[in-house]
């Protein structure tokens, strides 16, 4: 007999309306402002909504496109992706060509599927040096470039390598005309990175034109126009800015090359783009897809055919958000970054080594970085699904918003005379600086958490930044940027430098927590204060609670600490602060908390610093270090 009580999910769980959901949320908020609590503003100028619905993408035309079809935001070649996946790349900067070859051959047997050489340039301390054809022969001996494509981001001064590479391919019987590799130049990002060029801009441009002529004649599948957005990310730019800058760079190149007689359908296949992958997971997925959308629209506007609207995207994990301290956390950061790049649909991916800021990566750290990609491909099987983000209301909506914002950035630059002009005048510097300072400020106020640096720091950890100082090559500079090269920034750099400075001092860096009252009265603030102080590497002494001021003062003096932090309740502070400050007169005094109405009074009682949720951890600890004698 059939069971008449069949399960009907639609009847048992009716779909709530948006209005019902909104009411339920507002009830939970109990009068708090919905927009402030539930919406998130990003550095891209986008406000993230707490929920996305089908209605949010109803007017987006690109959501109906199929993988492999224009505007290609769902990927260039879905069948190739399913057959091969993305290319697994790593950056190699070994200057000894024989050692480099040994590393490449080993790693190609252990998951690597692309050869990505980081050349020695005037602004880098290390890098691959290819001066002669023999260097190229040694470095690439036994490497099948048709199975493992070669990538090199070159400066204009490296253009001689193309001739060497042509000779090498002839010797090795490699058909250069059909070889798909990325040996590319980006004069604009080179200008931004170094801050000057050694040739007049017209001669600089002539070299670029000659490179394009060479490629079209001898290597039409070689991507010699390699636009590098990671230069701007390394200075602190937002995703919107990075995309807008790269697009403006492309427009300037195409305009100039068309005036030199090239057509858009000739030029488009010569481009590849290197984009950074940051820690905002969904933003980075949308970023890759948004750029494809923008690129297709731009090429179409130049009159390019549908096949010309494709672009090769090389993803590179970000540098702005990496840390020296607790650097194994970098593995977690690069894992999510690589994950977002794969879901976004990069064609090739480069994951940085977790320890590259403190040492030259060895076989272990290279293997760790490479295996992150291998796991994503072979164990998570992300190489078996084309554009898994397609149709997601959140990501599709974010893709459209990001593309629109980046397009506006591009238009702003074009109205200002283009990317080169904006670099020369310092406009790019100013745009990036405003965003970078906001991002760094959020770190200092611990709105953005960096485990091991501004939160949950290990005060016993000792480390130092890898020496990256470069002696600038003496060259006559034809053109220089008004504000110099774009600075390299990292979000936690100032905090790490402060901590290193404190760790090197011979001064007494002990801070005694004057924990007053019961455990319920002091513990929350004592734990918070300890974690706050450990960000700077201070030695924190945290005893049990004291019942009397006399007992606390004796223990504080006996501790031989250089500073004292009072931890208790706001009510207790009213009598504790005067008594303790009087008994410990002349000492550096800190208060855990910020009782607004009494702050000025407590300052008069000689409370030097306040540790609280809204405090700027860098400014507070820097002030404390000065009070404790650190120069």
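The values are calculated or read from the model by the stated rules, or taken from the named source; none is laboratory data. What you see is a predicted model; the values in this text were computed from it and never measured. For neighbour counting, all protein chains shown are included, and Cβ atoms are generated from backbone atoms with ideal geometry for every residue, glycine included.
Would you point out the residue of region 189-226, among those that are surrounded by fewer than 23 Cβ atoms within 10 Å (Cβ to Cβ) and assigned to a strand (DSSP E or B), that is nearest to the chain's Cα centre (by Cα)? Among residues in region 189-226 that are surrounded by fewer than 23 Cβ atoms within 10 Å (Cβ to Cβ) and assigned to a strand (DSSP E or B), the one nearest to the chain's Cα centre (by Cα) is 226. Restricting region 50-67 to residues that are assigned to a loop (DSSP other than H, G, I, E, B) and touching a residue at least 60 places away in the same chain (Cβ under 8 Å) leaves a set whose member that is nearest to residue 346 (Cα to Cα) is 67. Of the listed requirements (1) in contact with a strand residue (DSSP E or B) (Cβ under 8 Å, 6 or more places away or on another chain); (2) crowded, with 24+ Cβ neighbours inside 10 Å; (3) more than 30 Å from residue 209 (Cβ to Cβ), residue 323 misses just one: (1). Scanning region 505-533 for residues that are within 37 Å of the chain's Cα centre (by Cα) and surrounded by fewer than 20 Cβ atoms within 10 Å (Cβ to Cβ) yields 505, 506, 507, 508, 510, 523, 524, 527, 528, 531.
Would you check if residue 577 is modelled with pLDDT under 95, touching a helix residue (DSSP H, G or I) at 6+ places or on another chain (Cβ under 8 Å) and crowded, with 17+ Cβ neighbours inside 10 Å? Judged against the criteria, residue 577 is not a match.
Taken residue by residue, region 384-395 has at least one member that is assigned by TED's automatic domain parsing to the domain that holds residue 287, at pLDDT 95 or above and within 22 Å of the chain's Cα centre (by Cα). Tell me whether region 606-621 contains one or more residues that are over 29 Å from residue 491 (Cα atoms) and in contact (Cβ under 8 Å) with a residue 12 or more places away in the chain. Looking for residues that are over 29 Å from residue 491 (Cα atoms) and in contact (Cβ under 8 Å) with a residue 12 or more places away in the chain, one finds at least one in region 606-621, hence yes. Which of the residues belonging to region 75-109 are at pLDDT 95 or above and out of contact with any strand residue (DSSP E or B) (no Cβ under 9 Å at 6 or more places or on another chain)? Scanning region 75-109 gives 96, 98, 99, 101, 102, 105, 106, 109.
Listed here are the residues, each with its yes/no results for (1) surrounded by 19 or more Cβ atoms within 10 Å (Cβ to Cβ); (2) out of contact with any strand residue (DSSP E or B) (no Cβ under 7 Å at 6 or more places or on another chain); (3) over 25 Å from residue 349 (Cα atoms).
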site: 379; (1), (2), (3): no, yes, no
site: 391; (1), (2), (3): no, yes, no
site: 413; (1), (2), (3): yes, yes, yes
site: 445; (1), (2), (3): no, yes, yes
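Residues checked against (1) touching a strand residue (DSSP E or B) at 6+ places or on another chain (Cβ under 9 Å); (2) over 25 Å from residue 273 (Cβ atoms):
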position	(1), (2)
123	no, no
128	yes, no
135	yes, yes
166	no, no
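Counting only residues that are within 23 Å of residue 216 (Cβ to Cβ), give me the strands (runs of 3 or more DSSP E) lying completely in region 106-188 with at least 3 of them.
Counting at least 3 such residues, we get 150-154, 182-185.
Residue 554 falls short on exactly one of the conditions (1) in contact (Cβ under 8 Å) with a residue 12 or more places away in the chain; (2) over 37 Å from the mean Cα position of the chain (by Cα), and that condition is (1).
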